[in-house]
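Report on one structure; see the data block that follows.
The values are calculated or read from the model by the stated rules, or taken from the named source; none is laboratory data. A quick note: this is a predicted structure, and the numbers were derived from the prediction, not measured. Positions of Cβ are backbone-derived with ideal geometry, glycine not excepted, and every protein chain shown enters the neighbour counts.
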């Protein structure tokens, strides 16, 4: 790929146009050089893109299932905190509990209004 880029650069530097016609040819050569460079980049990236597609086909259903199951739980948890930057890194206890402490320099926490609507049913 470096050879293609060097070739395109050398080609563009060697063709210094002197007349209007040569200037037009120089633009064409620059365009061709840019196209060669982009084609080379695409050829180099194609295997990585194919690998990424394969990973998405393999892990896509699992990620989708995780998002379907955990999405509502995470949304509910985030609705009960103010701003995630006011909390420290989670602490994992040996018994499996996870503690997420509020930073000591965070502003005072104000509880969100959790009073149910009169028309809202309460699940028992």
Selection status of residue 21, modelled with pLDDT under 75 and at negative phi: yes
Condition check for residue 99: in contact with a helix residue (DSSP H, G or I) (Cβ under 8 Å, 6 or more places away or on another chain) and exposed (fewer than 11 other Cβ atoms within 10 Å of the Cβ): no
Matching residues, region 40-88, being loosely packed, with under 10 Cβ neighbours inside 10 Å and touching a residue at least 24 places away in the same chain (Cβ under 8 Å): 79, 80
